[in-house]
Amino acid sequence: MCEQLPACPVELTITLIGNKWKVLILRDLMDGTRRFGELRCAIGAVSQKVLTANLREMEQEGLLSRKAYAEVPPRVEYTLTELGYSLMPVLDAMHAWGDNYKKEHPSRFKQAPGE
């Protein structure tokens with residue numbers, strides 16, 4: 001039996017993309033298809049196990065597709081589905097909100113060397 005998803009649209013969205021890693025995976029796949037290693041490098045401090053688990057969940061929810069190639073060494077690519085790309089306005093809004101927060105609270109952020 002499939003897990004019941006929440007009826008509230010906000011709670012549903014949080015359930016599907018509501019952790020740090022899933023949002024970063026979405027961010028990095030918005031530019032197009034990526035291999036597993038590329039995603040891991042782009043995201044940063046995520047373990048292989050955690051990244052794999054999040055990618056599998058997102059595939060099961062229909063947010064991305066996985067394509068494995070029968071090569072040595074194995075090659076696996078991830079691409080957002082149409083449903084995954086439909087989250088772009090959500091990520092754009094998060095980006096805009098984050099930019100505004102940074103502007104209003106500049107003392108909370110590290111300065112780059114030379115600034």
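Values quoted throughout were computed directly from the atomic coordinates according to the rules given, and no laboratory measurement underlies them. Keep in mind that what you see is a predicted model, and the values were worked out from it rather than measured. Cβ coordinates were reconstructed from backbone atoms using ideal geometry, including for glycine residues, and neighbour counts include every protein chain displayed.
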Using the structure shown, decide if ALA53 is hydrophobic (A, V, I, L, M, F, W, C), farther than 15 Å from ILE17 by Cα and either assigned to a loop (DSSP other than H, G, I, E, B) or free of Cβ contacts under 8 Å to residues at least 40 places away in the same chain (or both).
no
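Restricting to segment 24-49, and then to whatever is of a type in the set (A, V, I, L, M) and surrounded by 15 or more Cβ atoms within 10 Å (Cβ to Cβ), can you tell me which residue is nearest to VAL90 (Cα to Cα)?
It comes out as LEU26.
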Identify all residues within segment 76-90 that are in contact (Cβ under 8 Å) with a residue 24 or more places away in the chain and either loosely packed, with under 11 Cβ neighbours inside 10 Å or in contact with a Ser or Thr (Cβ under 9 Å, 6 or more places away or on another chain) (or both); write none if there are none.
GLU77, TYR78, THR79, LEU80, GLY84, LEU87, VAL90
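In segment 53-75, what residues are exposed (fewer than 13 other Cβ atoms within 10 Å of the Cβ) and more than 16 Å from LEU12 (Cα to Cα)? Full working, then the answer.
Taking segment 53-75 as the starting set, the residues that turn out to be exposed (fewer than 13 other Cβ atoms within 10 Å of the Cβ) are 53, 56, 60, 62, 67-74.
Listed by number, the residues that qualify are ALA53, ARG56, LYS67, ALA68, TYR69, ALA70, GLU71, VAL72, PRO73, PRO74.
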Looking at (1) out of contact with any Gly (no Cβ under 9 Å at 6 or more places or on another chain); (2) over 18 Å from LYS67 (Cβ atoms); (3) in a helix (DSSP H, G or I), which is the one condition that is false for LEU24?
(1)
